Amino acid sequence: MISTLTDIELTDLLKSGDQLAFTEIYHRYSSLLYVYAYKLLGDTDAAKDLTQELFINLWDKRTTIDFNKSVSSYLYTAVRYKFLKLVSHQKVRTVYAEQFLNLFEEGTNSTDAYISEKDLIMQVEKLIEDLPPKMAQAFRLSRLKHKSNQDIAEELEVSEKTVKNLVSQANKHLKPKIDKLKLLLFLLNL
């Protein structure tokens with residue numbers, strides 16, 4: 001009976017594509033990992049999503065995963081890694097949101113400021129459209145849809161390093177131009 005197998009036996013079966021072994025690992029650890037993720041995140045939906053994503057990745061990468069110590073050690077480490085990655089992405093989003101909010105902090109109630117904001121957004125979108133197609137797509141997925149480099153790499157069928165380079169190049173290309181637009185907007189609102 002599969003429920004009597006050790007974790008080592010289950011991981012061996014998992015690596016060969018045994019769905020029952022995967023299901024048993026899921027039943028053994030999903031609740032515990034959910035609780036752990038919830039303690040880290042403090043959000044039930046985010047904890048559920050993280051746990052489900054972890055098991056999807058486990059199945060997808062079952063043949064290449066190296067379970068050095070044990071499956072439980074691997075799974076708990078994966079939860080911590082995903083949590084840290086999530087926090088990192090949230091910090092980046094927060095920085096961009098703060099910059100955007102700071103840009104429009106004064107005068108947001110006036111019609112001129114509203115029009116200026118809309119115009120700036122259109123100008124930024126035009127700048128993104130002027131990027132090479134893959135770069136623009138990677139930038140939008142990263143900064144506007146908040147996808148991870150791994151998810152973007154899979155979607156664009158490129159390596160994570162390529163995604164990182166594309167987003168970095170887009171930032172280098174866009175930042176000076178956006179800074180000029182912000183200065184222009186500031187001068188118009190004086």
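Of note:
- Selection within segment 4-34: residues that are acidic (D, E) and part of a helix (DSSP H, G or I). The member of this set that is modelled with the lowest pLDDT is D7.
- A count restricted to segment 167-176 and to residues that are surrounded by 14 or more Cβ atoms within 10 Å (Cβ to Cβ) and farther than 23 Å from K82 by Cβ stands at 4.
- Of the numbered criteria (1) out of contact with any Leu (no Cβ under 8 Å at 6 or more places or on another chain); (2) in a helix (DSSP H, G or I); (3) within 16 Å of S88 (Cα to Cα), the one D151 fails is (1).
- Here K164 meets the list (1) charged (D, E, K, R); (2) at pLDDT below 90; (3) within 15 Å of the chain's Cα centre (by Cα) almost entirely, failing just condition (2).
- Every condition in (1) open to solvent by 60 Å² or more (accessible area, probe 1.4 Å); (2) of a type in the set (A, V, I, L, M); (3) modelled with pLDDT under 85 holds for L103 except the one numbered (1).
- Residue within segment 35-53 that is loosely packed, with under 11 Cβ neighbours inside 10 Å and not in a helix (DSSP H, G or I) present: yes
- Count - residues of segment 118-164 that are surrounded by 15 or more Cβ atoms within 10 Å (Cβ to Cβ) and closer than 25 Å to D60 by Cα: 15
The values are calculated or read from the model by the stated rules, or taken from the named source; none is laboratory data. Computed from a predicted structure; not experimentally measured. Cβ atoms come from the backbone with ideal geometry, glycine included; neighbour counts cover every protein chain shown. Protein only, heavy atoms only, side chains kept; ligands, DNA and RNA dropped before computing areas. Shrake-Rupley method; radii C 1.70, N 1.55, O 1.52, S 1.80 Å.
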